[in-house]
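Chemist: Please find one structure pasted underneath; my questions will follow.
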Amino acid sequence: MLQRMIKCAMLPALFILIQSRAMATEGMWLPHLLSNMNEKEMKGMGMKISAADIYNVNKGSLKDAIVSLGGFCTAELISSQSLLLTNHHCGYASVQSHSSVEHNYLDNGFWAKSREEELPNKGLFVTFIVRIEDVTLQAMQGINRSTPEKDRQKLIDANIAKIKDNAKKEQFQEALIKPFFEGNQFYLFITETYKDIRLVGTPPSSIGKFGSDTDNWIWPRHTGDFSLFRIYAGKDNRPAEYSKDNVPLRPKHFLPVSLDGIAENDFTMVFGFPGRTQQYLPSEAVKLTVEGQDPAKVSMRDASLKIIDGFMRQDEKIKIQYAAKYASTANAWKKWIGEMQGVQQTKGIERKVTYEGEYTKRLEANTTLKAKFDGVLDSLNTLYRGYAPFAINRDYYAELTRNVELLSVSDKIITLMNDVREKGEDQYPALRDKLVGSLESFYKDFSPRVDRDVAAALLDIYFKEVPTRYIGGEAVQIWMETNKSGKVTADKYYSNSALITYDKLKAFLNQPYRDLNTALFKDPVTRFGIALRNGFIQNVNNPAVAINNDIMRLQRVYMQAQMEVMDNKRFYPDANSTLRITYGKVSGYKPADAKTYDYSTTLDGVMEKYKPGDYEFDVPEKLRSLYAQKDYGQYGVNGKMPVCFIASNHTTGGNSGSPVLDAYGNLVGLNFDRTWEGTMSDINYDASICRNIMVDIRYVLFIVDKFAGAKNLVDEMKLVHPKKAAVKPVQKRA
């Protein structure tokens, strides 16, 4: 029966069914299925190319210009010399790694004047998708409805291993298999990964990060959020480790760049690697997210960010050390706030309940489906209610150990000791040296003063908000020893811990294994870390894992049930960091009563926000001069310089750096954000307010050419005028 369900689920007809409420812009679609599922609709919205132009395994297509950058962002090829465009915030950590007080590329920008000046980035890589194949039947071989849950994953893992072994690929390629629709389908991805990625250019943060945290997730935006890299390969054009002898990759395809810009209602596509969405959760899961977990995480990060921000404003060295960490922390913090507000504003929980009512009504009316899926939804919602306290307190612990960096180091040391116990004492020197080596870069960007104050604030929140029964008696006892005060605890521990500097840490870990085992319980930070971790594992993590296993099983069955019961709904798979395409239109929106937002911004708005000397809203003198002279070159329009625009493409984290393509497949923008009201699109997409935010490619070109004086990079690109070319001249009658 299950095998028959899988075959049915794979039929394209199941996905082409019309939704009761058509939302043409919703969805993150697999590119190799567009011809059967989306092409007609896309052309109806204005697309001028074919699905084969987007995804093709026999010749170069749009997919061959799109890469996953480092596994966390998207980037795209924009020249025959593999010039790579992505977001400033995606390249931020790389720029920071090359920066110092003497050479502050974060503040001043960086532009390589020659290939020899391009900077290598250890650990950074890009991955191409060569082809995608449906391997559901092979992955599910031997599995049916009666297969015990504990055996199911073992069988799938064994099947996947066989598929990978037998996959047709080159020696330098890799096979990746990912589950879709909660494990009801599986796809094989053949990939190529290149590891020699060099920094070519980036604007100063006053452009690339303009508006910083105040404007993050906010429309209207005026941020030139871009940076440029280049992919290098061996002389055989294949992946190679970094070498001075490497040459720029010769790509199968690169994106032409349109100078014609955008207009309202223009068709747009976003191609990239969206990270994670959960569109098919039950109502209790959405409620837990926005009423339980989000508030917990926001409260911890709010306290941490305020402290770090204070130090960064006063100390240039700390500003450089914490720039990337602060940006990462603030990004999620503000997203969660918008998610809470968006779900409330669009009555997202109520919409889920209404959907579940319709689902239940249809299920009750179909005796065959009722026999298969009766009680699944109710059981799943019940499990989420029981899971709630563990999930919330798990997030408090995760935020504590993430944001208090010495507790994070402590956790790594505890993990080291556990690994030694598991693998044998003779493995201790190698495992220890590996950890010590990995922490060198951490201490480069670590300030004990900052971390001490963060610890003081977060410990107070943690012990106030998390009930004692979830913390554990040992940690509570240690907390009482310091008068239940975050400040007293932090002052005492940061004065006496061996983890406070890199040199002290190395000396601490250089002890014989058995001596270190004893020393862990004497050092105040590791002693506290062990107590917190033990309490968390016993009282939160273990119970949570037990419930979550049941949730994952029922979520998979509920996904299957929705696809069979709601047979007028078109389903797309949740994002899972695999290649997807979304499509929509350039469009403004109304976020609230008496508020209406236009679809584009200009350099005028940058100058309106300009605050001399402000770390978020300062504007470089040269940019101000170009603005005063209206010196926009070929990139301006009617005396205005376009900066950003919005459209209704469905995006999420991982889409940062994704190319925004016009109806002809040309590059018109660079995706970098979503509107604050629409950040809830990961769990509750609503076409009325969900908008993605993009840098207009003309602003990118203007900054590279007129501001940075790097016209040589623009000269590498293929600049086109698709709209002008599409306008046919009127022929005169003879």
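Derivation of every value follows stated rules applied to the coordinates shown; laboratory data play no part. As the structure is a prediction and not an experimental result, all values here were calculated from the model. Positions of Cβ are generated from backbone atoms using ideal geometry, with glycine treated the same way; all protein chains shown enter the neighbour counts.
Chemist: Can you work out the base-10 log of I(q)/I(0) for the chain at q = 0.05, 0.09, 0.10, 0.11 1/Å, using the Debye formula on its C-alpha atoms alone?
Modeler: So the normalised log intensities are -0.27, -0.91, -1.14, -1.38.
Chemist: Would you calculate the volume per residue, in Å³, of the smallest convex hull containing every Cα atom of the range 536-608?
Modeler: Dividing the Cα hull volume of the range 536-608 by its residues yields 292 Å³.
Chemist: Normalised by the number of residues in the range 230-271, what is the relative contact order in percent for Cα pairs under 8 Å and 6+ residues apart?
Modeler: Contact order relative to length: 30 percent.
Chemist: About its Cα centre, what dipole magnitude does the range 283-563 give when the only charges are +1 on Lys and Arg Cβ and -1 on Asp and Glu Cβ, stated in debye to the nearest 20?
Modeler: Approximately 240 debye in magnitude.
Chemist: Tell me, 298, 436, 270, 525 in order of fewest to most beta-carbon neighbours within 10 Å?
Modeler: 436, 298, 525, 270
Chemist: Below 9 angstrom from the Cβ of residue 619, what's the summed charge of the other residues (Lys, Arg +1; Asp, Glu -1)?
Modeler: Spelling it out: positives minus negatives among the neighbours equals +1.
Chemist: Over all Cα pairs of the range 338-416, how is the pair count split among 10 Å bins, expressed in % and running from 0 up to the last occupied bin?
Modeler: The distribution over the range 338-416 is 14, 25, 26, 18, 13, 4, given as percents.
Chemist: With unit charges on the beta carbons (Lys and Arg positive, Asp and Glu negative) and the dipole taken about the Cα centre of the range 619-674, which residue among 657, 620, 642 sits farthest to the positive side?
Modeler: The residue sitting most towards the positive pole is 620.
Chemist: Among the chymotrypsin sites (Phe, Trp or Tyr not before Pro) in the range 520-578, which ones are in a DSSP loop with at most 13 other Cβ atoms within 10 Å of the Cβ? Mind listing them?
Modeler: Taking the range 520-578 and a limit of 13 other Cβ atoms within 10 Å, the loop chymotrypsin sites (Phe, Trp or Tyr not before Pro) found are 521.
Chemist: A follow-up question, please. Within a 10 angstrom radius of the beta carbon, how do 465, 76, 364 rank from fewest other beta carbons to most?
Modeler: Fewest-to-most ranking of 465, 76, 364: 364, 465, 76.
Chemist: Taking +1 at the Cβ of each Lys and Arg and -1 at the Cβ of each Asp and Glu, which of 369, 331, 429 sits farthest along the dipole of the range 283-563 towards its positive end, judged by Cα position relative to the Cα centre?
Modeler: Value: 369.
Chemist: Could I ask something else about it? Where the centroid of each part is defined by its Cα atoms, how far is the range 89-129 from the range 224-250 in Å?
Modeler: 14 Å
Chemist: Among 475, 562, 530, which residue has its Cα positioned farthest towards the positive end of the charge dipole of the chain, with +1 placed on the Cβ of Lys and Arg, -1 on the Cβ of Asp and Glu, and the dipole taken about the Cα centre?
Modeler: 562
Chemist: Okay, moving on. Only helical DSSP H runs with n ≥ 4 go in: add -39500 (n - 2.57) per run for the chain, normalise by residue count and round the 222 nm mean residue ellipticity to 500 deg cm²/dmol.
Modeler: Taking each H run of at least 4 residues, the total per residue is -14000 deg cm²/dmol.
Chemist: Past the 35 angstrom mark, what percentage of all C-alpha to C-alpha distances in the range 283-563 do you count?
Modeler: 30 percent
Chemist: I need the phi-derived Karplus couplings for the range 292-308: 6.51 cos²θ - 1.76 cosθ + 1.60, θ = phi - 60°, integer Hz, Gly and Pro marked x.
Modeler: x, 6, 4, x, 4, 5, 5, 5, 5, 6, 4, 5, 5, 5, 4, 5, 5
Chemist: As an exercise, take the mean of 1/r over every pair of distinct alpha carbons in the range 664-728, invert it, and state the Kirkwood radius in angstroms.
Modeler: For the range 664-728, inverting the mean 1/r across all distinct Cα pairs yields 14.4 Å.
Chemist: Next question. Would you please name the trypsin sites (Lys or Arg not before Pro) within the range 101-133 that are DSSP coil residues with at most 16 other C-beta atoms within 10 Å of their C-beta?
Modeler: Sites meeting the loop and neighbour criteria: 113, 122.
Chemist: Rounded, prolate or oblate: which fits the range 107-163, taking a ≥ b ≥ c as square roots of the Cα gyration tensor eigenvalues, rounded meaning a/c under 1.5, else prolate when a/b beats b/c?
Modeler: Verdict is prolate for the range 107-163.
Chemist: Here is the link list: 609/640; 352/585; 317/434. Which ones come out longer than 19 Å on Cα distance?
Modeler: Beyond 19 Å: 352/585; 317/434.
Chemist: For the range 283-563, what is the relative contact order in percent, using Cα pairs closer than 8 Å and at least 6 residues apart in sequence?
Modeler: Relative contact order comes out at 26 percent.
Chemist: In the range 459-506, what is the volume of the convex hull around the alpha carbon atoms, normalised per residue and reported in Å³?
Modeler: Taking only Cα atoms, the range 459-506 has a hull volume of 88 Å³ per residue.
Chemist: Right, another one. Over the Cα atoms of the range 211-334, Rg to Rh with Kirkwood Rh, two decimal places?
Modeler: Looking at the range 211-334, the ratio lands at 1.07.
Chemist: Fewest first, what order do 88, 253 take by the number of other Cβ atoms within 10 Å?
Modeler: Ascending Cβ contact count within 10 Å gives the list 253, 88.
Chemist: Related question: How big is the C-alpha Rg of the range 588-731 next to the rule-of-thumb value 2.2 N^0.38 Å, as a ratio?
Modeler: 1.18
Chemist: When you take every Cα atom in the range 605-647, what is the radius of gyration, and what is Dmax, the widest Cα pair distance, in Å?
Modeler: Rg, Dmax (Cα atoms, Å): 11.6, 33.
Chemist: For the chain, calculate the relative contact order in percent as a whole number, restricting contacts to Cα pairs under 8 Å that are 6 or more residues apart.
Modeler: Relative contact order of the chain: 24 percent.
Chemist: How big, on average over all directions, is the shadow cast by the Cα convex hull of the range 314-467, in nm²?
Modeler: Projected over every direction and averaged, the Cα hull of the range 314-467 covers 15.0 nm².
Chemist: Using a ≥ b ≥ c from the Cα gyration tensor of the range 514-668 (square roots of the eigenvalues), is it rounded, prolate or oblate, where a/c under 1.5 gives rounded and otherwise the larger of a/b and b/c decides, a/b for prolate?
Modeler: Here the range 514-668 falls in the oblate category.
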